[in-house]
Amino acid sequence: YWIYRYMIDGHHQGKGYGKEALRFIIEEIRNKPDRTNVLMLSFDPKNEQARQLYVKAGFEEIGVMPWSAGESVAKLNL
């Protein structure tokens with residue numbers, strides 16, 4: 001599974017919505033019978049808030065996407 005463009009509207013950032021929604025998404029994927037063992041996502045490496053959110057959720061930053069504008073790639077082993 002891959003999470004594409006995970007975003008929270010700027011007016012609602014810092015309220016815990018991103019953290020709670022990400023937790024929900026991870027659990028939903030974890031409970032799917034057809035899931036793989038890895039969940040991937042990418043983010044702007046200059047976005048430190050996003051980086052910290054993903055690290056706290058258990059994602060490990062693994063590099064940069066060569067086909068994008070330098071987005072960082074992170075994975076979560078399910």
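In this simple spin-label approximation, Glu28 and Lys46 carry label points 7 Å from Cα along the Cα→Cβ vector, and these lie 3.1 nm apart. Averaging 1/r over every pair of different alpha carbons in the chain and inverting the result gives a Kirkwood radius of 13.1 Å. One compactness figure for region 36-78 is 1.09, namely its Cα radius of gyration divided by 2.2 N^0.38 Å.
If you take every DSSP beta bridge whose two residues both sit in the chain, what share of them, in percent to the nearest 5, is antiparallel? Write down the numbers at each step before the final one.
Working: 10 of 12 bridges.
About 85 percent, rounded to the nearest 5.
The simple spin-label model puts a point 7 Å past each Cα toward its Cβ; for Asn37 and Tyr17 those points are separated by 3.6 nm. The order of the peptides 6-17, 34-45 by mean Cβ neighbours within 10 Å, most packed first, is 34-45, 6-17.
Which FRET efficiency value, to the nearest 0.05, do you get for Leu78 and Tyr4 by plugging their Cβ-Cβ distance into 1/(1 + (r/R0)^6) with R0 = 30 Å?
Details: r = 17 Å, r/R0 = 0.58.
Calculated transfer efficiency: 0.95.
Only the Cβ atoms of Lys and Arg (+1) and of Asp and Glu (-1) were treated as charged; on that basis the dipole of the chain about its Cα centre amounts to roughly 140 debye.
The numbers here are math on the coordinates, done by the rules we state, and not lab data. Keep in mind that this is a model prediction, so the values were computed, not measured. Counting neighbours? That spans all protein chains shown, and the Cβs are built from the backbone with ideal geometry, glycine included.
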